[in-house]
Amino acid sequence: MTAPAHAPIARRVAGFIDHLRLNDFAVGPAETQAALTLIDRIGPLQAAQVRNGLKILLTGRHEEWARFDDLFEAYWFARGRERTAAGAGSPHQRAAATKPTIWSDHLPDSAASGLGDARGGGDTEQDAAGEAAGRIVASRQTAVRKADLRHVADRDEIAEAERLAYRLAAAMRYRLSRRFSVAAKGPKLDLRRTIRANIGHGGEPITLVRRARPDRPVRIVVLLDVSGSMKLYSRFFLQFVKGLVCEWIDADAYLFHTRLIRVTDALKDKDTVKAMTRLALMAEGFGGGTRLGECLKVFNDRYAKRALNSRTVFMVLSDGYDTGTPETLVAELTRLKKRVRRIVWLNPMLGWRDYEPITRAMAAALPLIDHFAAANTLESLAGIEDDLGRL
Amino acid sequence: METVADLKQRLAQVHYVADDTLATALQLALTLKRPLLLEGEAGVGKTEIAKALAAILDTRLIRLQCYEGLDANAAIYEWNYQRQLLAIKASEHENIGAAEIEKHIFSEDYLLRRPLLEAISQDKAPVLLIDEIDRADEEFEAYLLEILSDFQITIPELGTVTAKSVPHVILTSNGTRELSDALRRRCLYAYVEFPDPERELAIILSHLPDIEEQLAVQVARFVRELRKEDLEKAPGIAETLDWAAALTGLGLKTLDQDPDAFQSSLICLLKTEADAKAVTREVTGRLVGHAA
């Protein structure tokens with residue numbers, strides 16, 4: 001809200017909090033109150049201190065910390081970064097007004113491409129209205145599970161894929177994450193419970209209560225290729241990855257083409273439209289070339305330490321067409337392999353008849369992959385459930 | 001509480017050189033009585049902040065080191081089982097009822113205070129350092145959240161223990177796991193970066209007052225350049241201090257004085273085999289050029 005400069009400070013501050021919220025900060029009325037208290041305490045004229053103080057109060061993670069100064073300047077000095085949603089009305093109205101446009105700009109493109117290569121990815125008005133997917137439904141009701149996903153663009157089938165991802169997640173699901181739990185057999189005595197159980201025996205430890213170490217949860221990290229060659233699959237796979245991330249207690253997801261982007265938080269967003277909008281904005285350059293090796297390097301450098309542990313299944317969804325050198329890819333996969341339990345590579349092309357993993361990158365990477373499977377139909381995707389369940 | 005400048009001054013007296021942002025964060029945590037969550041790479045001095053804060057407030061530092069599988073027994077309290085068993089044995093011949101024994105053995109005498117209970121049982125508010133919270137499980141994080149909002153702990157056998165004084169809580173995280181939004185919202189937040197060369201120089205001079213100033217300047221610049229290299233483990237402030245001390249010990253006055261001694265001193269900074277191999281003489285030559 002662009003309140004005039006002479007407006008009471010409370011309104012300006014409330015507007016600022018609103019501005020942060022529009023930019024995905026987790027702040028609410030309680031923060032407005034705290035911010036006003038803080039400004040009151042420091043004195044509104046101590047600009048630098050107020051700014052530092054608000055930054056400390058209103059941010060909660062590194063990403064927010066890094067963006068705060070830009071957002072602060074944009075709001076208070078009306079310069080720097082463009083505000084996300086300028087305009088009148090309540091935040092909700094504004095949000096509703098902006099989102100569908102962005103959504104339609106980016107996504108139906110990939111849905112429309114499901115029609116076939118000949119059509120290309122034109123942004124027609126019908127696409128923007130979201131009708132493209134609807135038209136395909138009728139003709140492709142049957143044989144969903146066996147259809148190559150290149151030819152799938154129907155809502156039900158995508159929903160089916162999401163359910164499959166959920167089942168996949170359920171097969172490997174793991175709830176307990178405590179170090180020990182009470183068990184009939186176990187290496188450790190639970191002294192607290194043993195004492196309790198034996199007070200009736202005058203303190204003689206007759207009934208022994210033991211603790212055992214439960215299996216640890218498997219962590220899943222997915223890298224999804226959204227480059228041009230994967231275009232016909234990426235929308236579908238995105239749903240699959242969303243299923244994994246939302247159902248799994250411990251999953252992390254990234255998109256890559258020429259760059260690598262972490263999308264876990266965007267996928268977890270409960271508001272689907274908002275989630276897809278965020279994704280679309282993040283994935284600018286969707287459909288370009290692939291730099292597999294370099295993206296893995298970025299992952300190794302920036303995210304590996306936080307994202308991986310010895311119980312990680314690292315999953316790559318890609319056709320392996322790489323414009324970089326195979327050497328980089330091999331070097332980065334070798335680095336990666338030291339940190340994870342298994343590397344699983346799902347390749348849609350593998351399901352094609354007569355396909356051999358002959359691209360140089362794929363051939364070089366093959367010895368480092370623990371499980372190499374096809375993923376071009378729902379059925380093939382369901383087929384990997386058993387393999388993953390056994391990890 | 002005093003101004004940010006005063007706080008910086010007092011921190012400097014205990015050899016902690018803070019920048020404005022960090023000092024503001026500490027001051028707000030003290031005045032608003034809210035926990036402060038510090039994130040940043042390993043080695044930027046997050047844990048040291050808690051120690052410095054305890055030193056200037058002249059109070060106890062109680063530290064809870066988190067790890068995967070940390071549970072309430074290790075973090076809050078535990079009964080002293082050995083002594084309880086002894087007490088039960090000793091009372092066997094005295095014809096005392098089980099209820100009486102139970103009341104006796106579950107009294108404060110047999111209670112072992114772990115860091116969290118200890119922290120809320122102090123007369124003078126201590127600094128409670130919850131180190132590497134990202135290593136603990138989600139369950140523990142949820143439990144912690146409850147304690148941090150109420151500052152009270154319920155022990156089934158004894159009842160609720162309310163804080164005598166509200167501790168100054170500092171949490172640190174290296175970002176190995178994503179923390180919950182609930183915890184983040186509960187805390188004030190600051191991201192701690194590696195210090196700029198001026199601040200690192202001030203840190204070196206503060207800890208090693210005898211060092212040649214020219215050498216200290218070069219050390220600070222060299223380390224900054226080194227952190228820009230593609231290393232597996234960037235050197236932290238503690239490594240810088242070790243290295244500066246080592247160089248002084250070797251009798252160097254400038255970095256380019258004795259290349260052999262210089263190269264071998266790098267073991268203070270480079271902590272993995274790959275890094276040691278990657279930083280060759282050519283690389284150090286280039287970096288020294290930048291630093292001189």
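Debye calculation, C-alpha points only, no solvent: report log10 I(q)/I(0) for region B:133-183 at q = 0.18, 0.23 Å⁻¹, in the same order as the q values. The Debye formula, applied to the Cα set alone, gives -0.67, -0.94. Each listed q (0.12, 0.13, 0.16, 0.19 Å⁻¹) maps to a log10 I(q)/I(0) for region B:1-158, found by the Debye formula over equal Cα scatterers with no solvent: -0.64, -0.72, -0.96, -1.21. Summarised as an ellipsoid, chain B has semi-axes of 46, 21, 18 Å, derived from the eigenvalues of the Cα gyration tensor scaled by 5 and square-rooted, with the largest first. For chain B, the relative contact order is 22 percent, taking Cα pairs closer than 8 Å that sit 6 or more residues apart in sequence and dividing their mean separation by the residue count. Springs between alpha-carbon atoms under 10 Å, Gaussian network over chain B: tell me which of B:PRO35, B:PRO167, B:PRO197 tops the mean-square fluctuations. Sorting by GNM fluctuation, first place goes to B:PRO197.
Which angle between 0 and 90 degrees, to the nearest 10, do you get for helix B:46-57 versus the longest principal axis of chain B when only C-alpha atoms count? Approximately 70 degrees, to the nearest ten.
Normalized C-alpha radius of gyration of region B:103-232, against 2.2 N^0.38 Å? Kindly include the intermediate steps, with their values, before the conclusion.
On the way: Rg = 21.1 Å, N = 130, 2.2 N^0.38 = 14.0 Å.
It is 1.51.
Computed over region B:61-149, the alpha-carbon pair-distance distribution with 10 angstrom bins reads 15, 37, 24, 17, 6, 0, each value a whole percent. Lysine pairs in region B:1-108 whose alpha-carbon atoms fall under 26 angstrom of each other, counting only those eight or more residues apart or on distinct chains, come to 6.
Quick note: the coordinates plus some simple rules give every number you see, no bench work behind them. Since the structure is predicted, the reported quantities are computational estimates derived from the model, not experimental observations.
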